[in-house]
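A.B. asks: My questions all concern the structure below.
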Amino acid sequence: MGFESFGQISFAAQTKVGDFVDYLRKGELRGTKCQECGRIFFPPRADCPWCPGSVLEWVKIEGTGKLVSFTRVHYGPTGFENDTPYTLALADFNGVKVFGRITKELVEEKTNIGMALKAVAVTLPGGQLTYELIPA
């Protein structure tokens with residue numbers, strides 16, 4: 001299956017990193033790692049922007065991350081208007097920065113910089129796949 005299964009609204013059906021969705025279907029969040037320079041990318045990239053390397057391998061984003069920053073979204077972009085409010089976050093998983101939504105079950109008043117988070121795969125109504133950050 002292609003990238004059209006990712007997210008609430010997918011704007012692209014095909015991508016060179018379409019396996020991202022297959023890993024989500026297996027319950028795994030993955031990024032890519034350049035075999036030339038060793039840098040890890042999330043969201044996954046098909047080519048390394050740091051070196052001429054284009055041989056990347058899939059690596060799991062696992063364990064516990066720490067919340068670096070977050071914001072509460074009250075006015076959603078096209079396709080997300082009916083989903084507000086929601087919280088977007090940046091979490092650090094051992095040097096790999098992951099940008100994503102925090103689960104709606106975590107109220108804003110209990111969301112704190114430095115808190116421990118895990119990334120989990122989520123199946124949305126209609127079968128679309130995404131991921132969320134949840135308290136660890």
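The values are calculated or read from the model by the stated rules, or taken from the named source; none is laboratory data. Just so it is clear, the model here is predicted, and its values are computed rather than measured. Positions of Cβ are generated from backbone atoms using ideal geometry, with glycine treated the same way; all protein chains shown enter the neighbour counts.
A.B. asks: If I ask for residues that are aliphatic (A, V, I, L, M) and outside any strand (DSSP E or B), which ones from region 54-90 would you list?
C.D. replies: Once the filter is applied, which keeps residues that are aliphatic (A, V, I, L, M) and outside any strand (DSSP E or B), region 54-90 yields V55, I61.
A.B. asks: Considering only region 109-136, state which residues are over 13 Å from the mean Cα position of the chain (by Cα) and part of a strand (DSSP E or B).
C.D. replies: A116, T123, P135
A.B. asks: Given the residues R45, R30, R39, which is the only one that is surrounded by 13 or more Cβ atoms within 10 Å (Cβ to Cβ), under 12 Å from the mean Cα position of the chain (by Cα) and charged (D, E, K, R)?
C.D. replies: R30
A.B. asks: For L106, all conditions in the list (1) buried (at least 16 other Cβ atoms within 10 Å of the Cβ); (2) within 14 Å of the chain's Cα centre (by Cα); (3) part of a loop (DSSP other than H, G, I, E, B); (4) not acidic (D, E) hold save one; what is the number of the exception?
C.D. replies: (2)
A.B. asks: Separate question: Which condition number in (1) touching a helix residue (DSSP H, G or I) at 6+ places or on another chain (Cβ under 9 Å); (2) loosely packed, with under 15 Cβ neighbours inside 10 Å; (3) not charged (D, E, K, R) is the one that S69 fails?
C.D. replies: (1)
A.B. asks: Has region 68-88 got any residue that is at pLDDT below 95, more than 27 Å from G18 (Cα to Cα) and of a type in the set (A, V, I, L, M, F, W, C)?
C.D. replies: Within region 68-88, one or more residues are at pLDDT below 95, more than 27 Å from G18 (Cα to Cα) and of a type in the set (A, V, I, L, M, F, W, C).
A.B. asks: Just to check your reading of the model, which residue among L56, L124, L129, L117 is out of contact with any Pro (no Cβ under 6 Å at 6 or more places or on another chain), surrounded by 19 or more Cβ atoms within 10 Å (Cβ to Cβ) and touching a residue at least 60 places away in the same chain (Cβ under 8 Å)?
C.D. replies: On the way: L56 fails: touching a residue at least 60 places away in the same chain (Cβ under 8 Å); L124 fails: surrounded by 19 or more Cβ atoms within 10 Å (Cβ to Cβ); L117 fails: touching a residue at least 60 places away in the same chain (Cβ under 8 Å).
Result: L129 is the single residue among L56, L124, L129, L117 that is out of contact with any Pro (no Cβ under 6 Å at 6 or more places or on another chain), surrounded by 19 or more Cβ atoms within 10 Å (Cβ to Cβ) and touching a residue at least 60 places away in the same chain (Cβ under 8 Å).
A.B. asks: Restricting the search to region 35-53, which residues are in contact with a Pro (Cβ under 9 Å, 6 or more places away or on another chain) and part of a strand (DSSP E or B)?
C.D. replies: F41
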